[in-house]
């Protein structure tokens, strides 16, 4: 069932076997999986079923590092960030899990084999109805074979886009609401923001949390196990805030590491490509987002070869080509005109008139789209090479607590996101390797961006964040190196677990949602098999009381 703490009637205390905090991709996955194993789950969500700017404002905070908005890219609503994500999915590479001598700290306490059984199930949760094709088959399905790059330098890379109707991505809250409502094992409590932690005497075990609303209502939740699945910034903020309730905080000896090693996937242009118009069309047929008649969509780009990473001590990285269309071309003028007609008819008629001067462009793309079921090819005014980067772990890149408090009395997040010189070095070398390969294969000439050769801080115009908030509660076998163990259990508390990309030991270059869900499935398996001592969920009471 799905209830709202603001309007429902509840006892002052609720109980469940497992309490999951956060109804995004990780939290919803864990709740459904545990319910399917017969566990009683209480799923707390700080937002409502629909987006509310007043509730979203709780995510405002203080930024003192590389520019990034704290209240964008993460959403305090049922479904979390999946209410806005693009659906772009890829699995992590084997090197992402490995210990690398040029990257400290690196190495996960789990490896690719530990997640391999979960990736197919994760793809299903992410909206893929059929098994993924392997990379070679996906490349063949996407279009003509890509050029023969030197595999010691650069390799083609394939992303898949999660399909779900016209939105082209699944919303974990909306798409699973019916299953959550129907399940007798799950109770979802909306507008229930966790504001307090209650540990057992002496610490080491979490007994309960208190959740509150802006209207002053509160409920205390007892459970045998707790999972925080609130995203990279909020998982860290809640654990740091626990110091006000639990001496030394919930992470024990690892508490000083909470919030550290904050990373994203910095993105920016590293080069432009000059080439002939026929070659520009060939590039679009090889490296693009490919919409086929049957989902999923594929995107083909480039990855920095593992051999090059190891040879030169570089980070993992990928890149795509983007094509700035000539707005005066027939196809783009036609699209502009048709969009403008309903509200700006004069502008629309003018654009359509321009389109008719270029009938060949319209005919070519109408045939591609309508008959061949392929993406249009634009007349490119400019071709950009855009990088997605892994970051070097930096303990001083971190989330702490600001002095300012939100309306529920919780201290807001203070973020000091830092970029390292290795990010610039990797971007430059990847661009140089691609330049050499493009020229060797006759694909075009690359002009590298000036920021790649500068010194000093990297500007916002060069690299910006992608709202992938990574590693603030990183996974490690040693409590001195991270916050959670290989089972995602907080080192200092025996029944507290974390889920989401905050537990990533390193970030790789791939979009994180697929791996977030795979880790959530693995955690759900662990919790389903572990003995959990908890009472039956308390039934509704005539009224809600104020919890301490």
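Read the figures in this text as sums done on the coordinates, not as results from a lab. On a predicted model such as this, the values are computed, not experimentally measured, just so you know. Note that we place each Cβ from the backbone using ideal geometry, even for glycine, and neighbour counts take in every protein chain shown.
Tabulated data for the structure shown
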{"item": "Of residues in region 120-134 being touching a strand residue (DSSP E or B) at 6+ places or on another chain (Cβ under 9 Å) and either in contact (Cβ under 8 Å) with a residue 24 or more places away in the chain or assigned to a helix (DSSP H, G or I) (or both), the one surrounded by the fewest Cβ atoms within 10 Å (Cβ to Cβ)", "result": "132"}
{"item": "Qualifying position, being in contact (Cβ under 8 Å) with a residue 24 or more places away in the chain and either buried (at least 17 other Cβ atoms within 10 Å of the Cβ) or touching a helix residue (DSSP H, G or I) at 6+ places or on another chain (Cβ under 9 Å) (or both), among 274, 253, 229", "result": "229"}
{"item": "Condition broken by residue 288, with the remaining ones in (1) buried (at least 22 other Cβ atoms within 10 Å of the Cβ); (2) over 31 Å from the mean Cα position of the chain (by Cα); (3) in contact (Cβ under 8 Å) with a residue 40 or more places away in the chain satisfied", "result": "(2)"}
{"item": "Complete set of residues in region 414-428 that are within 19 Å of the chain's Cα centre (by Cα) and over 20 Å from residue 104 (Cβ atoms)", "result": "415"}
{"item": "Sole residue being surrounded by fewer than 18 Cβ atoms within 10 Å (Cβ to Cβ) and free of Cβ contacts under 8 Å to residues at least 12 places away in the same chain, chosen from 67, 53", "result": "53"}
{"item": "Selection count where residues are under 15 Å from the mean Cα position of the chain (by Cα) and farther than 24 Å from residue 224 by Cα, scope region 465-502", "result": "8"}
{"item": "Residue list for region 489-502, filter: over 13 Å from residue 251 (Cβ atoms) and touching a helix residue (DSSP H, G or I) at 6+ places or on another chain (Cβ under 9 Å)", "result": "499, 500, 501"}
